[in-house]
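Working notes, structure below.
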Amino acid sequence: MQDTLAAENLLVERCQQGDTVAFDQLVERHGEWVYNLAYRMVGDRDEAYDMAQEAFVRAFRAIKRFRRGSSFSTWLYRVTTNACLDEIKRRRRRPAPASSLLDADGLSPDPPDPSPQVEDHVASLERREVVRRAIAALPLHHRLPLVLYELQGCSYEEIAAITGANVGTVKSRLNRARLALKEALEPHLELLRGG
């Protein structure tokens, strides 16, 4: 762990001196979880890709101002979160496209083969979609700590640093998010249990 941190700090130092290859290595290290965080924040794969790109552009532009008061990954989470929050605010100001009003379940228009494997796969997709929609419906101040803690594996302290809230507030919001998620998923318990 120390070696990984030291290597990351070296990459950050090189980036701060203008080394774009070092920045590419940071993107390689963190790209997947930046995308996953963005996806869980904005709920759309294409927009999540755009938000991940935006987060890395912002990080590249601001890397010289990064002061190692926190870890690079915590700082990058904050940059990603801010990029997503900005997009969510922009969304509220513009009308939704007609295509977003249609149900897009990702399945082909042909009826699926009724084999048990296909049925299991479809049920798995349905379960994931139910959970994704329930998380997306949470208020942002509850969704963000839930995503960071449960799905991204951040500690309370990291979430506090990312969100600017104190640890007690993070714990409280996380608890409320879990309760709201449980309530939202109750009507779908049969599906979630696989029955």
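Model label points for E28 and L179, set 7 angstrom from Cα along the Cα-to-Cβ axis, are 4.7 nm apart.
Computed from backbone phi with θ = phi - 60° and the Karplus coefficients 6.51, -1.76 and 1.60, the 3J(HN,Hα) list for the range 163-169 is 8, x, 9, 7, 4, x, 5 Hz; x is used for glycine and proline.
Note on A136 and E157: with the Förster distance fixed at 22 Å, the Cβ-Cβ geometry gives a FRET efficiency of about 0.25. Each of the peptides 165-178, 8-21 was scored by the mean count of other Cβ atoms within 10 Å over its residues; in descending order, highest first, they stand as 165-178, 8-21. Extension gain, E13-H188: 0.36 nm per intervening residue step, less the Cα-Cα distance, totals 58.1 nm.
Working note: Karplus 6.51/-1.76/1.60 with θ = phi - 60° gives the range 172-182 the couplings 5, 5, 5, 4, 5, 5, 4, 5, 5, 5, 4 Hz, where Gly and Pro are set to x. If you plug each phi of the range 81-93 into the Karplus form 6.51 cos²θ - 1.76 cosθ + 1.60 with θ = phi - 60°, what whole-Hz ³J(HN,Hα) values come out, in order, with x for Gly and Pro? Once θ is set to phi - 60°, the couplings for the range 81-93 become 4, 5, 4, 5, 4, 4, 5, 4, 5, 4, 4, 5, 8 Hz. If you model the range 118-195 as an ellipsoid using its alpha carbon gyration tensor, with each semi-axis the square root of five times an eigenvalue, the axes come out at 28, 12, 9 Å, biggest first. With the convex hull of its Cα atoms as the shape, the range 1-71 has an orientation-averaged projected area of 5.0 nm².
Any read-out appearing in this document is the output of simple, stated calculations on the displayed coordinates, not a laboratory observation. Since the model is a prediction, treat every value here as computed from it, not as a measurement. Heads up, the Cβs are rebuilt from the backbone with ideal geometry, glycines too, and the neighbour counts pull from every protein chain shown.
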